[in-house]
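J.: Sharing a structure below in structure tokens format, with a few things to ask.
The values are calculated or read from the model by the stated rules, or taken from the named source; none is laboratory data. Values in this document were obtained by computation on a predicted structure and should not be read as measured data. For neighbour counting, all protein chains shown are included, and Cβ atoms are generated from backbone atoms with ideal geometry for every residue, glycine included.
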Amino acid sequence: MKISDFKLERYFAQHEFTAKYLLSSSDSDGYEMNYILENASVDELVMWQNLKLGYTESEGNPALRESILQYYQLNTIENVVVATPGELNFISMNVLLDPTDHAITISPCYQSLSEVVKSIDCPLSFWKPKEDGWVFDTEDLEKLIQNNTKLIILNFPHNPTGSYLTRSQLDKIVDIARKHDLYIFSDEMYHKLIIDDLEELPPISDIYEKGISLWGTSKTFGLAGLRTGWLVSQDKSFLQKVVSFKDYLSICNSAPSEILTIMALNHLDKFLEPNLEKIKKNILVFQEFADQQELISSFVPPRAGSTSFVELAIEGTSLEFSNQLVEQAGIMTVPAEMFEYEGKYIRVGFGRANFPETLEVFADYLKDYK
Ligand SMILES: Cc1ncc(COP(=O)(O)O)c(C=O)c1O
């Protein structure tokens, strides 16, 4: 099997640790280790101190899988498998799809949600939103279904647009999938990052027998360094296949990360609330900035998640704009090309404390921009 470069991750690799300012990150600032330990209970600290650094169970530490279950309606740990988020996506597509199948994914998308499907030589269609408000229409989705369609890939809250579905839209998608007997892989990495006064969607695994939910610590929790994600599904035989595939990749998880993830899950609000507050504040700051800058031709504030896809009134391409911005002002932005999306967009990420300062530098740069 051959797979193309993950353009967005390669672009980050080039700039993330050298650019002075990051304006496009989808994660919030990482919490310090001490913060996790300060918020842990006595029992959790005992678990941490007594931790033995041998191999761990392939499916994930049973205590961790119990902690995960508190956020789902399913109630046995056989419904949960833990690995890194990217690994779980990679394995799921490989377990589910063959070249004779057809899949549908949303667009623009985090590249692995399309590229892994392509690497299997499985035909792929893209479900696109209306650009004026990034609204996805379920009727458009149904039109993409073919005789051999096997899988729908969702990602709400959506990276990069910040779009979200209503509960009735999600129910409609489940009805469509049930009618055509399709799996739904729902990338819920930004779960619970709800900005507008909106109803939080349930994980797909709570409401659909062929639904697979992916969540992890990177975005909602501000703990990307733990590299922990998990799949939850009612389909236990699918999850067993995921575990067998994992034997060829990481085999098992990092033992310390598993315990730290238990602490994070059991004290979710301590991690989620400060992130949400920061994201909401930064959106307001950006709205003011966008109102004053002619270069920003359209800004749709995110309804959920931590990012938005901002349209620019520029002559060249978004990639040229981003390259020039990072070279001349040290500000890293991710252009539309990294999402294989046409149009003059850059992603803006709201989860960083130095966001207002970064915007000041950006505003200075734009004064002389031609
Ligand atoms: C939609 C989506 N899914 C999955 C991931 C992967 O998460 P991680 O970086 O923790 O592997 C990301 C990361 O940006 C993402 O945006």
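J.: Among the listed residues Ala363, Ala336, Ala264, identify the single one that is hydrophobic (A, V, I, L, M, F, W, C) and exposed (fewer than 15 other Cβ atoms within 10 Å of the Cβ). Full working, then the answer.
T.: Numbers: Ala336 fails: exposed (fewer than 15 other Cβ atoms within 10 Å of the Cβ); Ala264 fails: exposed (fewer than 15 other Cβ atoms within 10 Å of the Cβ).
It is Ala363.
J.: Identify the single condition in (1) touching a strand residue (DSSP E or B) at 6+ places or on another chain (Cβ under 7 Å); (2) closer than 22 Å to His158 by Cβ; (3) touching a residue at least 24 places away in the same chain (Cβ under 8 Å) that Phe126 does not satisfy, given that it satisfies every other one.
T.: Single failed check for Phe126: (3).
J.: Right, here's the next one. Which pairs turn up if I take residues in the stretch 83-99 that are free of Cβ contacts under 8 Å to residues at least 40 places away in the same chain and look for partners that are more than 10 Å from the ligand (Cβ to nearest atom) and acidic (Asp, Glu) with beta carbon separation below 9 Å, at least 6 apart in sequence or on another chain?
T.: Asp98/Asp121; Pro99/Asp121
J.: Taking only the stretch 15-44 into account, find how many residues are part of a helix (DSSP H, G or I) and away from the ligand (no atom under 16 Å from the Cβ). Lay out the reasoning, then the answer.
T.: From the stretch 15-44, those part of a helix (DSSP H, G or I) are 15, 33-38, 42-44; that's our starting set.
From what's left, away from the ligand (no atom under 16 Å from the Cβ): 33-38, 42-44.
Total satisfying the criteria: 9.
J.: List the pairs whose first member sits in the stretch 201-228 and is over 11 Å from Phe271 (Cβ atoms) and away from the ligand (no atom under 14 Å from the Cβ), whose second member is among the aromatic types (Phe, Trp, Tyr) and modelled with pLDDT of 95 or more, and whose Cβ atoms are under 7 Å apart, counting only residues at least 6 apart or on separate chains?
T.: Short answer, once both residue conditions are applied: Leu201/Phe156; Pro203/Tyr72; Ser205/Tyr72; Asp206/Tyr72; Lys210/Tyr183.
J.: Okay, moving on. Output the residue which, of all residues in the stretch 219-250 that are more than 16 Å from Ser186 (Cα to Cα) and among the small types (Gly, Ala, Ser), is surrounded by the fewest Cβ atoms within 10 Å (Cβ to Cβ).
T.: Ser237
J.: For the stretch 30-48, state whether one or more residues are surrounded by fewer than 17 Cβ atoms within 10 Å (Cβ to Cβ) and within 21 Å of the chain's Cα centre (by Cα).
T.: There is at least one residue in the stretch 30-48 that is surrounded by fewer than 17 Cβ atoms within 10 Å (Cβ to Cβ) and within 21 Å of the chain's Cα centre (by Cα).
J.: Is one or more of the residues making up the stretch 292-302 under 30 Å from Lys192 (Cα atoms), at pLDDT 95 or above and within 18 Å of the chain's Cα centre (by Cα)?
T.: yes
J.: Are any of the residues in the stretch 106-118 surrounded by fewer than 21 Cβ atoms within 10 Å (Cβ to Cβ), in the same structural domain as Tyr164 (by TED's automatic domain parsing), free of Cβ contacts under 8 Å to residues at least 60 places away in the same chain and within 25 Å of Tyr248 (Cα to Cα)?
T.: Within the stretch 106-118 (the criterion being surrounded by fewer than 21 Cβ atoms within 10 Å (Cβ to Cβ), in the same structural domain as Tyr164 (by TED's automatic domain parsing), free of Cβ contacts under 8 Å to residues at least 60 places away in the same chain and within 25 Å of Tyr248 (Cα to Cα)), the answer is no, since none of the residues qualifies.
J.: Right, another one. Have a look at Asn266, Asn275 and point out the one that is away from the ligand (no atom under 16 Å from the Cβ) and at pLDDT 95 or above.
T.: Working: Asn275 fails: away from the ligand (no atom under 16 Å from the Cβ).
Result of the check over Asn266, Asn275: Asn266.
J.: Under the condition of being within 26 Å of Ser308 (Cβ to Cβ) and buried (at least 19 other Cβ atoms within 10 Å of the Cβ), which residue from the stretch 144-158 is nearest to the ligand (Cβ to nearest atom)? Give the steps one after another, and end with the answer.
T.: First, the residues of the stretch 144-158 that are within 26 Å of Ser308 (Cβ to Cβ): 144, 152-158.
Checking the rest, the ones that are also buried (at least 19 other Cβ atoms within 10 Å of the Cβ) come to 152-158.
Working: Ile152: 15, Ile153: 10, Leu154: 10, Asn155: 5, Phe156: 10, Pro157: 9, His158: 8 Å.
Here the answer is Asn155.
Residues are listed down the side, and each one gets a yes or a no for (1) among the acidic types (Asp, Glu); (2) over 20 Å from Tyr190 (Cβ atoms); (3) assigned by TED's automatic domain parsing to the domain that holds Thr105; (4) assigned to a loop (DSSP other than H, G, I, E, B):
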site	(1), (2), (3), (4)
Phe286	no, no, no, no
Ser297	no, yes, no, no
Phe309	no, no, no, no
Glu315	yes, yes, no, yes
Ser322	no, yes, no, no
Leu325	no, yes, no, no
Gly343	no, yes, no, yes
Pro356	no, yes, no, no
Glu360	yes, yes, no, no
